[in-house]
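The values are calculated or read from the model by the stated rules, or taken from the named source; none is laboratory data. This is a predicted model, so every value here is computed, not measured. Neighbour counts are summed over all protein chains in view; Cβ atoms, including those assigned to glycine, are modelled from backbone coordinates with ideal geometry.
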Amino acid sequence: MNERQSKILYFIESKGSVQIKELQELVSDYTPMTLWRDLAKLEELGYIRRYRGGASAIRNQFTEQEQSFFYRLKKNVYEKEEISRIAVGLLNSYHALYLDGGSTTYSLAKRLPDGHFTIITSGANIAVELSQRNGYNVNLLGGQVIGTTLACSGPQAEDMLGSMNVDVAVLSTSGFSLENGFASGYLSEAHLKKRVIEKASSCVIMLMDKGKIGKVQPFTFGRPNDIDVLITDEELPQNVMEEMGKHHVKVFFPKDGYEEQERRAWLEEFLSTQKRYSRSGTN
């Protein structure tokens, strides 16, 4: 997929369904024939469906049932609980906290204690959950809602994020490999995650169960050098652990030998002594 096709797909995904005349305005430097070839390629790859006068976004990696957030919420429940238990132990109420959309971050949100948290989130269900808590200041990004995560993404979400400041960002991923990094099944979602990584001034925490390793998703949004902490459900394969170590990523998992207080102390020391931009070069 070339840059022009990625631009077209991002536009279609952000709107859900578009008319051909909108796409012709988007890529006005190219002929209608080039646009139709691009749409044919995107349909062949399974990202869109063409119809008379327009195109709409689809996903075909999963069955309709598997695309449901509530189906995914019931999968790997123990692993998500273990990951969220460790993650919540790292967080303090004085953090300006970004929470990614998704079932794992939703599990984390439900575990957050009472306090004066400032929350920015792309997750509609996370916003509803936390807005009922006393002392929580909850900000929901707008945009297209993705059914598998109940998360908003697209240009509206990115524009809104641009006016906000993020201290600590907690992200999740649909897949990871050493070759392709952390990846999402949606281009609009990947764009937003990239922006969050750029906006996070202090720390990026990635939540990923071991089952995501080797899972192929089309759109990379980050690599190990873009994150600071990886929380998973068990020790990762040696080659993955070595790659994380090469980029100074701290990996936490249930049997890592750390107590909760030790993990939090590590993060507090990290936040007080190190700026992300000086290490990753992404800010």
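Note on region 161-195: among residues that are among the β-branched types (Val, Ile, Thr) and buried (at least 24 other Cβ atoms within 10 Å of the Cβ), the one that is farthest from Leu9 (Cα to Cα) is Val170. Only a single item in (1) under 23 Å from Phe253 (Cβ atoms); (2) at pLDDT below 95; (3) assigned to a strand (DSSP E or B) is not met by Glu79, and it is number (3).
State all residues of region 26-53 that are surrounded by 13 or more Cβ atoms within 10 Å (Cβ to Cβ) and more than 31 Å from the chain's Cα centre (by Cα); if no residue qualifies, say none. Once the filter is applied, which keeps residues that are surrounded by 13 or more Cβ atoms within 10 Å (Cβ to Cβ) and more than 31 Å from the chain's Cα centre (by Cα), region 26-53 yields only Tyr30.
Within region 90-139, the set of residues being part of a loop (DSSP other than H, G, I, E, B) and either touching a Cys at 6+ places or on another chain (Cβ under 6 Å) or aromatic (Phe, Trp, Tyr) (or both) comprises Tyr94, Phe117, Ser122, Tyr136. Here region 148-179 is the region considered, the condition is being more than 10 Å from the chain's Cα centre (by Cα) and closer than 10 Å to Gly102 by Cα, and the residue that is modelled with the highest pLDDT is Leu150.
All conditions in (1) buried (at least 23 other Cβ atoms within 10 Å of the Cβ); (2) within 14 Å of Thr105 (Cα to Cα); (3) among the hydroxyl-bearing types (Ser, Thr, Tyr) hold for Ser153, with the sole exception of (2). Selection of region 150-185 for residues being polar (S, T, N, Q) and either outside the structural domain of Lys215 (by TED's automatic domain parsing) or under 27 Å from Met241 (Cα atoms) (or both) yields Ser172, Thr173, Ser174, Ser177, Asn180, Ser184. The listed residues are Glu13, Glu22, and the only one of them that is assigned to a helix (DSSP H, G or I), modelled with pLDDT of 90 or more and either surrounded by 15 or more Cβ atoms within 10 Å (Cβ to Cβ) or not assigned by TED's automatic domain parsing to the domain that holds Ala151 (or both) turns out to be Glu22.
Yes/no matrix, rows are residues, columns are (1) without any contact (Cβ under 8 Å) to a residue 12 or more places away in the chain; (2) closer than 21 Å to Leu271 by Cβ; (3) of a type outside the set (Val, Ile, Thr); (4) touching an Asp or Glu at 6+ places or on another chain (Cβ under 7 Å):
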{"site": "Glu189", "(1), (2), (3), (4)": "no, no, yes, no"}
{"site": "Ser202", "(1), (2), (3), (4)": "no, yes, yes, yes"}
{"site": "Thr220", "(1), (2), (3), (4)": "no, no, no, no"}
{"site": "Arg223", "(1), (2), (3), (4)": "no, no, yes, no"}
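Inspect all residues belonging to region 110-121 and state whether any of them is small (Gly, Ala, Ser) and crowded, with 18+ Cβ neighbours inside 10 Å. No, there is no match, as no residue in region 110-121 is small (Gly, Ala, Ser) and crowded, with 18+ Cβ neighbours inside 10 Å. Against the definition (in contact (Cβ under 8 Å) with a residue 40 or more places away in the chain, farther than 25 Å from Tyr47 by Cβ and touching a helix residue (DSSP H, G or I) at 6+ places or on another chain (Cβ under 6 Å)), how does Asn165 come out, yes or no? No: the conditions fail for Asn165.
Identify all residues within region 1-25 that are under 23 Å from Leu192 (Cα atoms) and more than 26 Å from the chain's Cα centre (by Cα); write none if there are none. Listed by number, the residues that qualify are Glu22, Leu23. Residue check: is Ala124 closer than 23 Å to Tyr186 by Cα, of a type outside the set (Val, Ile, Thr), surrounded by fewer than 22 Cβ atoms within 10 Å (Cβ to Cβ) and assigned by TED's automatic domain parsing to the domain that holds Cys203? Here the answer is yes, as Ala124 does meet what is asked. Scanning region 133-155 for residues that are free of Cβ contacts under 8 Å to residues at least 24 places away in the same chain and of a type outside the set (Gly, Ala, Ser) returns Arg133, Asn134, Tyr136, Asn137, Val138, Leu140, Val145. Restricting the first member to region 244-268 and to residues that are assigned by TED's automatic domain parsing to the domain that holds Phe176, and the second to residues that are in a loop (DSSP other than H, G, I, E, B), the beta-carbon pairs closer than 6 Å and six or more apart or on different chains are Val249/Ile227; Phe253/Thr232; Phe253/Glu234; Phe253/Glu235.
If the condition is being of a type outside the set (A, V, I, L, M, F, W, C) and in contact with a helix residue (DSSP H, G or I) (Cβ under 7 Å, 6 or more places away or on another chain), then region 8-29 contributes Tyr10, Glu13, Ser14, Gln24.
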